[in-house]
Every structure is written in structure tokens, then in C-alpha cells.
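Data first, discussion second: the structure below is written as C-alpha cells.
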Amino acid sequence: MLERTAPLQIKFAPGDAGTISGYASVFGSPADRHGDVIAPGAFAESLASGDKPLMLWSHDLSEPIGVWTSLKEDAKGLLVEGKLSDTTRGREARTLLLDGALNGLSIGFRVVDFDELPDGGRLLKQIDLAEISLVTLPSASRARVTSVKSGEITPRLLESILRE
């Protein structure tokens, strides 16, 4: 079953070009494609450490594309904000996000504490977060970029705005 997500917002902000935000992880069910359900508070210790996870392209350690500037848990999940780098891959990611061709987020982590679920999955109670990637197809369907700040009005952006 496909779940509806909030529409992607594109904002014009000259000083913040390439800033993105969204949910890297959403708490509770439905489980991701691996049967994992993330519990509220699972990221608390990782976030308290002050270490920022890497921003990668599709979990590839050789492809950093920016930096995560803000991470916090709220009632829905792990809310993140970051800045795409002015590199070839960072610009490509920004273009794909603005075009609506990409909006998935996926986390790379080590499980510290979990409970087995009756259906065979796991309830992840504590996670050591290593990286958050932009991906085309996230394991957790609700993990999505929800906002992209453009910094410029391009013909492509204007067309996207007019279509909405």
C-alpha cells in the first residue's frame, strides 16, 4: 500500500540555496521494508553526542553531498535539515529534488537496543546514527524530503510552481 506524503515545497531563498529538510525516519508503524519499526526516543543518545551524521548519495561513503545542520526528534520522527554542497553530485541532487524526481531519505545506523516483534520484525529502541542519504526509493516509505530552498528562479522552477 502506498502512503500519501506531504507535497514537496520549493522555496525561494537567495541565501539558503540548497537547504533541504524532511523526515529521515518516522516513528511507529507501518514497518519499513525490513520489518523494523523505530520507537520514539531511539535517536536520543546519538543526537545527544553532538556528532552529525554524514549526508551521502545512496549510502555511498565515497559520495558525500552536503552536511546535516539540524537534527531533532519530534512527535512524528527524526526531523532533519541540511545543506547540499556546491559540488557536481550536490548540484545534481538539488536539481533532481527541484524537479521532483528525487525525495527519499534513508538512514544508515547500528542497532544498540531492540525488541523482537511478534510478526518477525524489530522494534528499534536505540540507534547509533551514522549517515542519512538521499535515495530514490527509501526503505521507510514516509522518510522524505519535504522542503527544498532553491535560491534562484529558474525556468524549471517556474514551470513547477505554475503546474501546482
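The values are calculated or read from the model by the stated rules, or taken from the named source; none is laboratory data. Note that the coordinates shown come from a computational prediction; the quantities given were computed from them, not determined experimentally. Don't worry about glycine lacking a Cβ; one is built from the backbone with ideal geometry, like all the others, and counts go over all protein chains shown. Just so you know, the surface numbers come from the protein's heavy atoms only, side chains and all, with ligands and any DNA or RNA stripped out. Shrake-Rupley method; radii C 1.70, N 1.55, O 1.52, S 1.80 Å.
In this rough spin-label picture, where each label sits 7 Å from Cα along the Cβ direction, the Val111-Thr88 distance is 3.8 nm. Here's the list of lysines a cross-link from Lys52 could span, going by alpha-carbon distance under 24 Å and ignoring same-chain residues fewer than 8 apart: Lys72, Lys76, Lys83, Lys125, Lys149. Solvent-accessible surface of protein heavy atoms, probed at 1.4 angstrom with all chains present, puts Phe109, Phe27 in the order Phe109, Phe27, largest first. The gain in end-to-end length when the Leu61 to Glu73 segment is fully stretched comes to 1.9 nm, 0.36 nm per residue minus the alpha carbon separation.
Taking every Cα-Cα distance in the range 62-108 and sorting them into 5 Å bins from zero, the calculated P(r) comes out as 5, 18, 24, 28, 16, 7, 2, 0 percent.
How large is log10 I(q)/I(0) at q = 0.15, 0.18, 0.22, 0.23 Å⁻¹ when the Debye formula is applied to the Cα atoms of the range 98-149, each weighted equally and without solvent? Treating every Cα as an identical point scatterer, log10 I(q)/I(0) equals -0.54, -0.70, -0.88, -0.92. When the P(r) is computed for the range 25-139, the part past 22 Å accounts for 34% of the Cα-Cα pairs.
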